[in-house]
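Heads up, the thing below is written out as structure tokens.
Just so you know, all these numbers are worked out from the coordinates, no wet-lab data involved. Just so it is clear, the structure is predicted and the values come from calculations on it, not from any experiment. Positions of Cβ are backbone-derived with ideal geometry, glycine not excepted, and every protein chain shown enters the neighbour counts.
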Amino acid sequence: MTADPVISTQTPTPTQLSATVRASLSPSRAADFKTCPLLYRFRSIDRLPERPTVEQARGTLVHAVLERLFDLPAAGRTPEAAGDLVAPQWDRLVTEQPELAGLFADTDPAEFLRSAAALLDGYFTVEDPRRLEPAEREALISAVVDDELLIRGYLDRLDVAPDGALRVVDYKTGGAPREAFEARALFQLKFYALVLWRTRGVVPRVLRLLYLKDAEVCDYTPDAEELVRFERTVVALWRAIEQATATRDFRPRPSRLCDWCSHQEHCPSYGGTPPPFPEQVPAADPLRDARSRPAQPGADE
């Protein structure tokens, strides 16, 4: 697919946002609540700190390199050029997020940089970036659903064909997923598909997951009826979040994903105690949420 410069991502402006819009939701936070309501509380209401992991940092770095790769002329988008971007992009990320440097306070990050370069080799196995001209990279998209809820998220890449067909591409730096992780990844892509459909009137032709570690491609084709059902699911999740907030009832939902949770010490399922519920729940600011980037946009959560 090649880029169509006429079509651009649409994000509601302050004047376009209805006065009735009072909440916002990203695919990550929606998936948090769907996976474990208590995890949603820890992240969105208690806002407990989470130290970045090496895996998250590697994902962020690889995403940054792939974004910058498409700044180069098409003929120059080679594996060697991508490798040359790794160290400068890591230096930039550490400057912007100093906490990342703490991951290697006592070790040499050289092996970490080599592991990121190896994932880039996986990327070139499944795609030839010299043949692509993305329409959008690391682009914020958003739409209002149910008149009150702003849904938004960041696309890794959006390709637009000459006939206007859309392909949403998401880079995953982990291995090809087991069922629980695959469902979460597709949930995220359907979220993006819904936003694009509501803002452009076009259902994406392809939702593509690129698993760089295993050099695998997973394509999914949604349809309008499916996105209507998915929109109902998103709205129902939001209403469940509002109900849980009103009753202060966010229950843990233990699963295999608990092995990667940063908050086991506060979780009753692991003998912990959640912090006191905030007297005043942090208000959702739709405009702020629509414009702010996730702390770890490249992390495979």
Legend entry - Net charge dipole size for segment 68-157 [Lys, Arg +1 and Asp, Glu -1 on Cβ; Debye, nearest 20]: 360 debye
Legend entry - Residue-span extension gain [ARG232 to VAL281] - 0.36 nm each, minus C-alpha spacing: 15.1 nm
Inset, instruction - With all distinct Cα pairs included, what does the Kirkwood hydrodynamic radius of segment 92-245 come out to in Å, to one decimal, could you say? - result: 17.6 Å
Legend entry - Residue (of LEU166, PHE124, PRO98) at the positive-pole extreme of segment 93-175, dipole from beta-carbon charges: PHE124
Legend entry - Contact order relative to length of segment 77-181, as percent, for alpha carbon pairs under 8 angstrom and 6 or more apart: 18 percent
Legend entry - Nitroxide proxy distance, nm - points 7 Å out along Cα→Cβ at GLU216 and ASP108: 3.4 nm
Inset, instruction - Sort largest first and round to whole Å: the equivalent ellipsoid semi-axes of the chain, each the square root of five times a Cα gyration tensor eigenvalue. - result: 31, 26, 17
Legend entry - Average Cα contact separation per residue, the chain, under 8 Å, 6 or more apart, as relative contact order %: 28 percent
Legend entry - FRET efficiency, 1/(1 + (r/R0)^6) with R0 30 Å, evaluated for SER262 and ASP121 via beta carbons: 0.50
Legend entry - Mean residue ellipticity (222 nm) of the chain, computed from DSSP H runs ≥ 4 via -39,500 (n - 2.57), nearest 500: -12500 deg cm²/dmol
Inset, instruction - Please express the Cα-Cα pair-distance distribution P(r) of segment 185-270 as a list of whole percents, one per 10 Å bin, running from 0 to the bin with the greatest distance. - result: 14, 29, 32, 22, 3
Inset, instruction - Please provide three numbers in whole Å: the alpha-carbon extents of segment 106-192 along the principal axes, with the largest listed first. - result: 51, 34, 27
Legend entry - Label zone at ALA183 (point 7 Å along Cα-to-Cβ), backbone N below 12 Å, segment 238-272: 255-257
